[in-house]
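Notes follow once the structure below has been shown.
The values are calculated or read from the model by the stated rules, or taken from the named source; none is laboratory data. Computed from a predicted model, the values in this text were never measured in an experiment. Here the Cβ is made from the backbone with ideal geometry for all residues, glycine too, and neighbour counts use every protein chain on show.
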Amino acid sequence: MSISNETPRLINHALKSVSKLVESDTEVAVIDLNLLENLNTNQSLNYIKLESNLNTIERSSKQLRSLDKEFATYSVILKDIEKKVYKIEAITKELDDWSKELEYKVNNR
């Protein structure tokens, strides 16, 4: 079996081609990994922003609940005041009616 003069050159060419192919494939894999790293970093930043927004919403929610309780207290007080005003209006009308009745009696004596 004889090896031709071209065989070493062809083997060298094949090895260089395989080497370039592996190098290209490695570069693509590294680029993909860098892209994934960037996506991961961006998503982490988005999660940090979301967490911050959630904390803000949570604080606002607590404040709103507190204001709602305060409003409920004032609402009860206001309803009580309205009942008293209604009673005062009724008493005032009754006094006005009595005053008119007395005035009528005084004038018609």
**Prompt:** Among the residues of the stretch 82-96, is any hydroxyl-bearing (Ser, Thr, Tyr) and surrounded by fewer than 10 Cβ atoms within 10 Å (Cβ to Cβ)?
**Reply:** no
**Asked** LEU33 fails exactly one of the following numbered conditions: (1) modelled with pLDDT under 95; (2) in a helix (DSSP H, G or I). What is the number of that condition?
**Response** (1)
**Prompt:** So is ILE48 assigned to a helix (DSSP H, G or I), surrounded by 10 or more Cβ atoms within 10 Å (Cβ to Cβ), β-branched (Val, Ile, Thr) and over 57 Å from the mean Cα position of the chain (by Cα) or not?
**Reply:** no
